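Have a look at the structure below before the remarks.
Please treat every number below as a calculation from the coordinates, not as lab data. Just so it is clear, the model here is predicted, and its values are computed rather than measured. With ideal geometry, Cβ positions are generated from the backbone for all residues, glycine too; neighbour counts draw on all protein chains shown.
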Amino acid sequence: MNLGLQNKVALVTGGARGLGRAICLALAEEGAGVAVNFARTDPAELVRDLQGRFGVKAAGVRGDVSEPSDVDAIFDRTEQVLGPVDLLINNAGTWPTALVKDMTDEEWNSTLAVNLTGPFLTCREAVRRWLADGRKGRIVNITSQVAYHGATTGHSHYAAAKAGLANFTISLAREVAAHGIHVNAVAPGFMETDMVVEAWKKNRDRYLERIPLRRIGAPSEVAAAVLFLASEKASYMTGATLHVNGGMEMR
């Protein structure tokens, strides 16, 4: 199926690992150029893989999405190397563990900074640039199934941020739809990534009881949903969330 992503430029935040890596690979396989944003994990090997295996333009773009000056630089660098951004995938996230009674101000603030303020800043920058240039664009925000029923294992700050992002997706979609800018989200369930590997090992049976499909999800399954929402095949969708969670949250 031709998704119409050839020669598009995609910026994937937190693209070096886990879900982000899978998303970058899927976009490149469809012919999109990929800017792999990262804060710590150098994606040089991934960038070479994208270029060599799929023959697309790709670059690693360092920057902290929770810092406004970094966000400006991320977009500037992407434009310099790959061209103007067509697709923004907000995937960068952090998943620390702390019960509310033990949570510090810093833990709360830093979690919301990456998981909610970061997407706000990147969305704002993308929309400003698209409107100034009279261009259309697509945004896919990675939220979570915990946005809809809350966390149960000491991740209330993460759940609150993801709930905010789910609602922000709808609000922004309403603001920019008339300009041809689509804003959608994907809400993964429990996925096989570095971020959750320890929790999965410790609580595997308990998590499986909550997943009707009785298995953990693969990052490529989230990437497939992202590809669809980023493509022309989702041309009549905005403000929507695709739930990729094995049935943990059904709606």
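Would you mind checking the radius of gyration and Dmax of region 9-243 based on alpha-carbon positions, in Å?
Using the Cα atoms of region 9-243, the pair Rg, Dmax is 17.0, 51 Å.
Once each part is reduced to its C-alpha centroid, what is the distance from region 204-230 to region 46-66 in angstrom?
25
Taking the Cβ of each residue in Lys162, Lys8, Lys136, Lys233 as the centre, tally the other Cβ atoms inside 10 Å and list the residues starting with the fewest.
Lys136, Lys233, Lys8, Lys162
Return a whole-number percent for the relative contact order of the chain, with Cα pairs under 8 Å and 6 or more residues apart as the contact set.
20
Enumerate the amide H contacts of Ala58 below 5 Å, restricted to partners 5 or more residues apart or on another chain; note that Pro and chain-start residues carry no placed amide H.
Val34
What order do you get for Cys24, Cys123 when you list them from fewest to most C-beta neighbours inside 10 Å?
Starting with the residue having the fewest Cβ neighbours, the order is Cys123, Cys24.
Which angle between 0 and 90 degrees, to the nearest 10, do you get for helix 18-29 versus the longest principal axis of the chain when only C-alpha atoms count?
For 18-29 against the chain, the angle is about 30 degrees.
To make sure I understand, if each residue's beta carbon is the centre and we count other beta carbons within 10 Å, what order do Val127, Val222, Val56 fall in, fewest to most?
Least crowded to most crowded, the residues run Val127, Val56, Val222.
Can you list the residues, at least 5 places off or on another chain, whose amide H is less than 5 Å from the amide H of Lys8, using H built in the peptide plane?
Correct list: Gly33.
Applying 1/(1 + (r/R0)^6) with R0 = 30 Å to the Cβ-Cβ distance of Arg48 and Arg128, what FRET efficiency is obtained, to the nearest 0.05?
It comes out at approximately 0.40.
Would you calculate, for the chain, the mean residue ellipticity at 222 nm contributed by helices, counting each DSSP H stretch of 4 or more residues as -39,500 (n - 2.57) and dividing by all residues, to the nearest 500?
Rounded to the nearest 500, the figure is -14000 deg cm²/dmol.
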